[in-house]
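Following: one structure in structure tokens, then a few remarks.
Read-outs throughout are calculated quantities, based only on the coordinates presented, and are distinct from any laboratory measurement. Computed from a predicted structure; not experimentally measured. All Cβ positions, glycine included, derive from the backbone under ideal geometry; neighbour counts span all protein chains shown.
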């Protein structure tokens with residue numbers, strides 16, 4: 001009976017039939033890992049086409065732009081979210097660079113947030129201040145501390161969103177070096193991992209920083225090296241160092257690689273990823289001089305004006321404030337956090353176990369939420385030099401391997417390991433620095449299933465460690481959902497890739 | 001408090017949508033079911049009002065949706081209970097009552113024992129009501145007081161500017177000044193009745209699955225256009241069944257959802273939600289374009305009417321918003337922009353009402369022995 005009624009039903013006009021949905025007339029723009037038929041069961045394959053996506057354009061194909069659009073929409077939704085003191089920091093720097101002459105940039109201290117990034121970033125702020133003054137002239141008045149009109153907030157937040165285009169451009173340049181059809185899915189995944197990175201959303205667009213553009217320059221440098229233009233890559237890295245000197249964490253990897261690959265290369269023209277290990281090559285003095293001169297020129301451009309004013313010492317003390325203490329006010333989850341925690345435990349455990357007497361001046365020296373030079377009570381106090389030694393020690397193994405095998409994959413890995421070692425053992429590390437480890441690792445994650453697993457673990461734990469940065473109840477759901485969806489995204493994408 | 005809206009949304013509305021897509025659209029592929037569920041959940045109006053403006057519509061709409069699923073699956077008793085719960089949660093669900101009533105009546109009349117079924121349904125409804133109203137049934141006065149609060153006739157024909165026929169007519173003929181309140185109540189009641197009568201009669205005589213969905217749209221739209229003291233947020237009640245029609249009539253459903261959200265823009269702008277409004281709409285459009293595999297080539301295959309519709313929607317949308325931001329109304333008409341929104345939205349809703357009524361009449365009645373909406 002049901003079949004006859006269904007036949008009668010079929011003559012009815014508008015039943016809810018699948019055929020009434022517009023049929024896919026043209027391939028949708030998302031690439032697919034393998035050509036699968038349109039009626040697949042898993043949801044991720046809904047976004048596949050009946051043909052392989054061999055017709056995607058190399059630069060900025062529509063899928064990547066769609067990802068950028070979605071990311072921008074999410075960032076726009078975060079416009080009214082919590083802003084940390086970093087917001088006022090950048091407003092202050094806009095004011096300083098706009099209203100004061102060059103020689104006062106690094107001596108000005110009306111606000112407690114003094115300029116402590118290298119000169120190129122100061123110039124970047126100066127550029128933005130030219131627009132800021134049109135939006136709201138009160139932004140660039142130095143004495144307007146804590147000024148945060150709605151125009152200011154909108155302008156600064158939009159500036160972060162707009163400068164993220166550099167990150168997009170960097171990713172595009174990098175994935176353009178992938179070749180072949182099957183790599184299109186990999187390049188799409190890398191684009192998603194970086195453009196939609198939850199860490200950047202939390203740190204840049206809520207807490208407020210400019211890591212998007214900085215990591216964009218890093219990616220451009222890596223892309224240049226990938227294409228075989230080592231000199232340009234090196235120069236871009238020098239520029240990056242002069243934008244934010246935290247990238248010194250990566251300098252050893254760059255130094256070793258460029259020395260070995262560029263200055264010793266025997267005129268090999270292949271891209272870095274195909275280069276076999278270069279044995280017994282000559283030392284090409286010309287390349288070495290070229291690289292050295294280029295880097296020196298970049299630094300001269302950056303520091304020059306301040307050298308002329310005789311402010312080198314002041315600049316260096318601003319850039320490297322060692323008085324700030326071993327751990328930041330919020331402990332970065334690194335080795336020194338464990339070390340200090342152990343110290344605290346031993347303070348109380350020792351007397352109870354009868355090992356040593358209770359020390360006299362036990363204050364909340366490191367857990368007080370303040371920034372300052374502190375000393376440990378039971379365990380030996382750690383001087384800055386010790387942190388540097390430990391960091392270099394842990395970088396050494398991979399740098400040795402890199403020296404012997406200066407290939408592109410090895411270079412990427414050494415970048416990640418150097419960043420990681422500096423994060424774990426560095427002096428006064430911010431917890432935000434974990435983004436510097438996770439982001440380059442996105443590039444490695446698509447290479448092998450094993451790398452993918454490590455990336456999943458690292459990004460999940462790294463993002464989890466960023467959650468305390470945003471502590472207002474209003475953002476409670478937002479931050480957890482951002483992190484959860486990103487981890488889920490990573491998991492699903494990698495699972496489809498490494499099926 | 002926002003968490004409570006989110007949680008109730010997750011607990012009641014989300015499962016209702018998934019149930020609908022799994023049960024009623026069972027003949028679609030799994031991925032299409034998820035796609036449609038995704039689109040229903042992403043309707044910008046509901047997100048913006050519940051989580052932005054702050055209301056708990058998700059509970060009443062979720063319960064109503066569960067009732068719709070139950071009734072379409074021929075679990076009439078359960079459906080009646082759920083609908084009564086939805087009604088007693090928020091009296092707005094009264095907008096759906098004619099459709100439910102006609103559908104259940106039609107099905108009962110066509111069943112083997114009509115009187116028995118009608119009696120059973122009647123008992124169910126009365127019992128559910130009694131259970132919900134138990135604390136207040138102490139005296140006639142308390143019942144009257146509750147009713148008086150729920151149906152605030154004293155507030156007037158309409159408040160502010162709403163995309164209602166009465167508001168549109170009042171632009172030219174000042175209804176509230178000319179007629180007295182009791183008369184206006186009667187006029188609006190009669191007009192509402194006339195508006196919902198065709199679709200209800202059609203549904204009672206020829207009950208069908210898709211007809212039921214169309215009838216829901218028609219009855220709620222009729223109430224919205226002609227009823228007394230309508231709020232602009234009530235368009236959400238019409239938007240829900242319209243979104244359920246995404247599977248069978250995607251183009252019109254999408255246009256309706258977009259225009260209904262736009263009709264609420266003045267309210268959202270007042271709440272400072274202009275940017276989230278834009279973003280939610282863009283998100284929704286992107287998802288719809290992707291899920292329905294729309295591209296430029298597909299647009300060329302649209303009928304002439306389809307192309308006209310698309311052009312009209314784009315013109316209305318952009319015109320309204322441009323006017324809002326750039327047109328400075330003259331001093332003697334300070335609310336010109338609000339009125340513009342209300343009148344244009346009302347005109348489009350009237351057109352949609354005509355269209356959806358026509359669609360419902362076009363369907364042939366089929367026996368409701370199967371609950372699934374089948375392939376043709």
Query raised in the report: So what's the convex hull volume per residue for the Cα atoms of segment B:169-226, in Å³?
Result: 72
Report summary line: Checking B:249, B:141, B:74 against a Gaussian network model of chain B (alpha-carbon springs below 10 Å), the top fluctuating residue turns out to be B:141
Report task. Would you mind ranking A:298, A:142 so that the residue whose beta carbon has the fewest other beta carbons within 10 Å leads the list? Result -> A:142, A:298
Requested in this report: Just report the Cα centroid separation between segment A:383-408 and segment A:141-171, whole Å.
Outcome: 36
**Report entry** Rule-of-thumb Rg ratio for the protein assembly as shown [Cα; 2.2 N^0.38 Å; N residues]
**Finding:** 1.14
Requested in this report: Go ahead and collect, in residue order, the members of segment B:64-98 whose backbone nitrogen is under 15 Å from a label point 7 Å along the Cα-Cβ direction of residue B:111.
Outcome: B:70-82
Query raised in the report: Order of A:88-95, A:67-74 by packing, highest average Cβ count within 10 Å first?
Result: A:88-95, A:67-74
Requested in this report: Quick one: check the C-alpha center-to-center distance for segment B:99-135 versus segment A:192-248, whole angstrom.
Outcome: 67
Query raised in the report: Any idea how far the Cα center of segment B:1-67 sits from the one of segment B:188-230, in Å?
Result: 23
**Report entry** Protection-proxy order for peptides A:387-393, A:187-193, each taking the mean of Cβ atoms within 10 Å per residue, highest first
**Finding:** A:187-193, A:387-393
Report summary line: If B:18, A:124, A:455 are placed from fewest to most neighbouring beta carbons inside 10 Å, the sequence is B:18, A:124, A:455
**Report entry** Shielding score for B:30-36, defined as the mean number of other chain Cβ atoms within 10 Å
**Finding:** 4
**Report entry** Residue order, fewest to most beta carbons within 10 Å, for A:282, A:83, A:157
**Finding:** A:282, A:83, A:157
Query raised in the report: Kirkwood hydrodynamic radius of segment A:399-459 from all distinct Cα pairs, in Å?
Result: 12.1
Query raised in the report: Taking N as the number of residues in segment A:85-159, what is its alpha-carbon radius of gyration divided by 2.2 N^0.38 Å?
Result: 0.96
Report task. Taking 7 Å along the Cα-to-C-beta vector as the label spot, tell me the residue B:14-residue A:110 distance in nanometres, rounded to one decimal. Result -> 5.0
Query raised in the report: Taking the Cα atoms of chain B alone, what are Rg (to one decimal) and Dmax (as a whole number) in Å?
Result: 20.7, 67
